[in-house]
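One structure is given below, encoded as structure tokens.
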Amino acid sequence: MIELLAVALITLLASIVPGPDFAMVTRNSYLHGRRAGLLAALGIAVGVQVHVFYTMFGIGLIIAKSPALFTAIKFAGALYLIVIGWKTCANRAGLVIDLHDGASVSRQQIFLHGFLTNALNPKTTLFVISTYTQVVQPGTPLTVQFGYGLCMSVIHLLWFALVAIFFSRATFRSRMLSHQRMADRLIGTILMALGVLLACANMDKL
């Protein structure tokens, strides 16, 4: 239960930090309507599963072949959370969203754009790997590991659905972006704290 809560909290924080996924959902919602934004959000959620599957396969092999290497990767994952937390805190560049008129696109294209945004996003790669290495243990059943991945996708879907519904409107979007600096500091601090706590927990298990 604690591991699932950790997955949910880290995923929520990583999702809230504005990035290409936020910009893409907002742009599609603004230009093509709420339904397009929701479809893009679904694509983003499904894209997470690409990283989940190869991460589960890789972690399984590492646990079987080299427990020591797995421990080292757990530390690296905790360190990554600290690093992205620091970068989020130190971020001074505002998010730029291109809201110029775009040509009409099909539902399949919008879903694919959302899917590729996360499937090809290096940030999502590192986020999923670092999260899994913190919560997966040598005896963790595959069903539980799949559950962690499903949790990640559901949280992405819910958050970006909210973005599509509310923050695509000019008033909501401008308010959110005007408070981005404050949100970055808060989220970055929490991520760094989680990274430190997870690193200390890993040391206790040695």
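The values are calculated or read from the model by the stated rules, or taken from the named source; none is laboratory data. These numbers were taken from a predicted model, which means no experiment stands behind them. Ideal geometry is used to build each Cβ from the backbone, glycine not excepted, and the neighbour counts take in all protein chains shown. Surface areas here come from the heavy atoms of the whole protein model, side chains and all, with no ligands, DNA or RNA. Shrake-Rupley method; radii C 1.70, N 1.55, O 1.52, S 1.80 Å.
The residues in region 129-155 that are open to solvent by 10 Å² or more (accessible area, probe 1.4 Å), under 15 Å from Val50 (Cα atoms) and not small (Gly, Ala, Ser) can be counted, and the count is 7.
Here is a check on your reading of the model: is Ala93 modelled with pLDDT under 75, part of a helix (DSSP H, G or I) and open to solvent by 50 Å² or more (accessible area, probe 1.4 Å)? Against the criterion (modelled with pLDDT under 75, part of a helix (DSSP H, G or I) and open to solvent by 50 Å² or more (accessible area, probe 1.4 Å)), Ala93 does not qualify. The set of residues from region 165-193 being open to solvent by less than 80 Å² (accessible area, probe 1.4 Å), closer than 17 Å to Val17 by Cβ and at pLDDT 70 or above comprises Arg181, Gly188, Thr189, Ile190, Met192, Ala193.
Condition check ((1) within 25 Å of Gly188 (Cα to Cα); (2) basic (Lys, Arg); (3) surrounded by 16 or more Cβ atoms within 10 Å (Cβ to Cβ); (4) modelled with pLDDT of 75 or more) across all residues:
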| position | (1), (2), (3), (4) |
| --- | --- |
| Asp21 | yes, no, yes, yes |
| His32 | no, no, yes, yes |
| Gln49 | yes, no, yes, yes |
| Leu69 | no, no, no, no |
| Lys74 | yes, yes, yes, no |
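Scan region 118-128 for residues that are open to solvent by 30 Å² or more (accessible area, probe 1.4 Å) and either in contact with a Ser or Thr (Cβ under 8 Å, 6 or more places away or on another chain) or among the hydroxyl-bearing types (Ser, Thr, Tyr) (or both) and report the count. Residues meeting the conditions: 1.
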